[in-house]
Each structure stands twice: as structure tokens, then as C-alpha cells.
Amino acid sequence: MEENKQLREENTEERILDAALEVVSENTISGTRMARIAERAGMFQSNIHYYYKSKHELMMAVHKKVLDRCAELQEELLSAACGSDLKERIGVFWGQKREFIVNEQKYDFAEIDFWVQSRVDAQVKKVFAESFVVWRAKIEKMLKEFHVPDERAAMLAAVMTSMMEGASFQYLIDPSAFDIDAYFDYCTQMVIRE
């Protein structure tokens with residue numbers, strides 16, 4: 001009985017987070033209202049406040065959902081990669097970003113909006129900065145496995161992160177500006193040459 005209640009609550013929270021992510025993607029964080037989220041989730045606004053006491057608390061949970069999806073995609077792609085080739089391992093990171101840009105844009109739009117929000121919200125900034133630290137550390141660790149010296153691995157991790165974020169900004173504004181697959185192929189060549 002207790003297990004069913006916990007499952008219902010998890011499903012309710014997931015409905016709220018999914019609805020909130022959609023609303024943020026469509027309206028930005030500043031344009032998001034709890035009433036819109038409730039409407040999208042098909043529930044009363046008071047139900048949302050049962051789980052999240054404030055919009056800020058809910059937005060932090062949405063931010064976590066975006067970061068969790070990013071990590072989940074990386075893990076899926078990493079487990080599918082054979083693992084012995086540097087090009088393939090670099091492709092794991094490009095693949096996660098490409099998936100966000102092309103097929104799961106709501107995550108990328110939300111990520112960009114959280115980046116904007118980090119300018120005025122210290123908690124969002126802290127979480128966002130920590131996510132970049134984790135992202136760079138994963139890339140740096142992978143590069144070191146291929147005997148890239150420490151200093152170069154750290155710099156390449158920062159450059160690769162910038163390449164991915166740059167792809168998001170450019171492609172989401174104008175998908176016709178460049179071929180996303182050719183972009184990441186070229187990025188791979190640049191990193192390998194380095």
C-alpha cells in the first residue's frame with residue numbers, strides 16, 4: 001500500500017516536472033507561472049505547491065532534471081561506444097549535445113534559460129557552475145585515458161564544452177546556418193589534431 005502511494009507521488013512529481021520543463025521551454029523562466037504549469041500537468045495549482053513550496057524550488061528541480069537527462073544520455077552513449085577509439089569517445093559528448101539540440105530541444109532551451117538566470121540567482125549560478133565542473137572533469141578524464149597531458153586535457157575539456165554550448169546557441173537560433181553533424185565532425189578533427 002505504501003509502495004503504491006510512493007509510486008503515485010513519483011508519477012505526480014514527474015508530471016509536474018515535465019509540465020514545468022515544457023512551460024519553461026516555451027515561455028522562459030521569467031514567463032513561467034505556476035498556474036500554466038498546473039494547467040499543463042492537468043492538476044490544481046495547490047497540488048504543485050504540495051510538492052514545491054515556491055516557483056524557485058520547482059525551477060531548481062527542473063534544472064536538476066535537465067542535468068540528470070544530460071548525464072543519462074552521456075551514460076547511454078558511453079555504454080554503446082566500444083571505448084577504445086578517441087574519436088568514438090569524443091563522439092559520446094558530441095552525441096549527447098546533438099541529441100539535445102536536434103531531438104530534445106526543450107532541454108537545451110531550458111539550459112540556456114538557466115544560464116541567463118544564473119546572472120541574477122546565486123543558487124542557479126552555483127548549480128550551473130558545478131555542472132560545468134562535472135562536464136569538464138568527465139571530458140578531461142576521458143582525454144587523460146588517451147594520454148593527453150594534464151594541462152592540455154584541462155584546456156581541451158574547456159574548449160570542447162564551449163564548442164558544445166556554441167553549437168546550441170547557433171543551431172537553436174538558425175538550424176540552416178550549418179550542418180550539425182559536419183560541425184561536430186570538424187570539432188572532433190580539431191580536438192584530435194590538438
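The values are calculated or read from the model by the stated rules, or taken from the named source; none is laboratory data. Predicted, not measured: the structure shown is a model, and the values here were computed from it. Glycine also receives a Cβ, built like all others from the backbone with ideal geometry; neighbour counts cover every protein chain displayed. SASA here: full protein model, heavy atoms, side chains in, ligands and nucleic acids out. Shrake-Rupley method; radii C 1.70, N 1.55, O 1.52, S 1.80 Å.
Just to be sure I understand: with springs between alpha-carbon atoms less than 10 Å apart, which residue in 35, 177, 153 has the highest mean-square fluctuation in the Gaussian network model of the chain?
177
So which of 65/138; 53/126; 106/144 end up more than 30 Å apart, counting from Cα to Cα?
Exceeds cut-off: 106/144.
Keeping all protein chains in place, calculate the accessible area per residue for the chain (probe 1.4 angstrom), answer in Å².
Value for the chain: 56 Å² per residue.
To test your reading of the geometry: what angle, between 0 and 90 degrees and rounded to tens, separates the Cα axis of helix 122-145 from the longest principal axis of the chain?
Tilt relative to the chain: about 30 degrees.
With a cap of 14 neighbouring Cβ atoms within 10 Å, and only residues DSSP puts in a loop, list the chymotrypsin sites (Phe, Trp or Tyr not before Pro) found in the stretch 13-67.
Passing sites in the stretch 13-67 are 44.
Using only Cα atoms, what is the ratio of the radius of gyration of the chain to 2.2 N^0.38 Å?
For the chain, the normalised Cα radius of gyration comes out at 1.14.
Among the aspartates and glutamates, which fall within straight-line cross-link reach of residue 125, defined as a Cα-Cα distance under 15 Å, with same-chain neighbours fewer than 8 residues apart omitted?
Excluding near neighbours in sequence, the set is 57, 111, 113.
Please give the solvent-accessible surface of residue 135 in Å², to the nearest 10, using a probe radius of 1.4 Å with every protein chain present.
20
For the Cα atoms of the chain, what angle does the longest principal axis make with the long axis of helix 2-27, in degrees from 0 to 90, nearest 10?
Value to nearest ten degrees: 70.
Name the most mobile residue of 24, 133, 120, meaning the one with the largest mean-square fluctuation, in a Gaussian network model of the chain with Cα contacts below 10 Å.
Greatest mean-square fluctuation among the candidates belongs to 120.
Leaving out ligands, DNA and RNA, and with a 1.4 Å probe, what % of the accessible surface on the chain is carbon or sulfur?
Carbon and sulfur: 54 percent of the exposed surface of the chain.
Looking at the stretch 58-153, which trypsin sites (Lys or Arg not before Pro) are in a loop (DSSP not H, G, I, E or B) and have at most 15 other Cβ atoms within 10 Å?
119
Distances over 16 Å make up what percent of all Cα-Cα pairs in the stretch 79-194?
Cα-Cα pairs in the stretch 79-194 separated by more than 16 Å: 62 percent.
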